[in-house]
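Quick notes on the structure that follows.
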Amino acid sequence: MRKVALNKNLRGEDYRVLLFLLSNADGTTVEISQAEIARSLEYKQPRVSRALKRLDEFKIIKKIFIAGKLVGYRFLIEEPNQV
């Protein structure tokens, strides 16, 4: 999460999309459509698409494809060491 917090290129909408993904995650992955994210956050779909693209470019998430179809996202954020 430190990598995310220190990234000066992320925007408010990127953080909202990331937090929404994290809140719907099952472990390190989440299966959700961009349309569902947009509806839940009351964003237009292109705004969600841009946020997801930035999160992917900065290696915070990775898109998961099955048979060429986008089905979800995997988090690339390192977990803090547990004490």
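Readers should treat all values here as calculations from the given coordinates under stated rules, not as data from a laboratory. Here the structure is a predicted model, which means the values were calculated and not measured. Note: ideal-geometry Cβ built from the backbone for every residue, glycine included; neighbour counts use all protein chains shown.
Considering only the other residues whose Cβ falls under 13 Å of the Cβ of Lys69, what net charge follows from Lys and Arg at +1 and Asp and Glu at -1? Combined, the nearby Lys, Arg, Asp and Glu give 0. Potential lengthening of the chain between Gln45 and Val4 amounts to 12.5 nm, from the contour at 0.36 nm per residue minus the alpha-carbon distance.
Among residues other than Leu41 with Cβ under 9 Å from its Cβ, the summed charge is +1 (Lys and Arg +1, Asp and Glu -1).
Kindly identify the chain as rounded, prolate or oblate by the Cα gyration tensor criterion: order the square roots of the eigenvalues as a ≥ b ≥ c, call it rounded if a/c is under 1.5, otherwise compare a/b with b/c, prolate if a/b is larger, else oblate. Oblate shape, in that a/c is at least 1.5 and b/c is the bigger or equal ratio.
Placing dummy labels 7 Å off each Cα toward the beta-carbon, the span from Ile66 to Glu13 is 2.9 nm. Pairs of Lys residues in the range 2-75 are counted when their Cα atoms are under 18 angstrom apart and they lie 8 or more places apart or on different chains; the count is 9.
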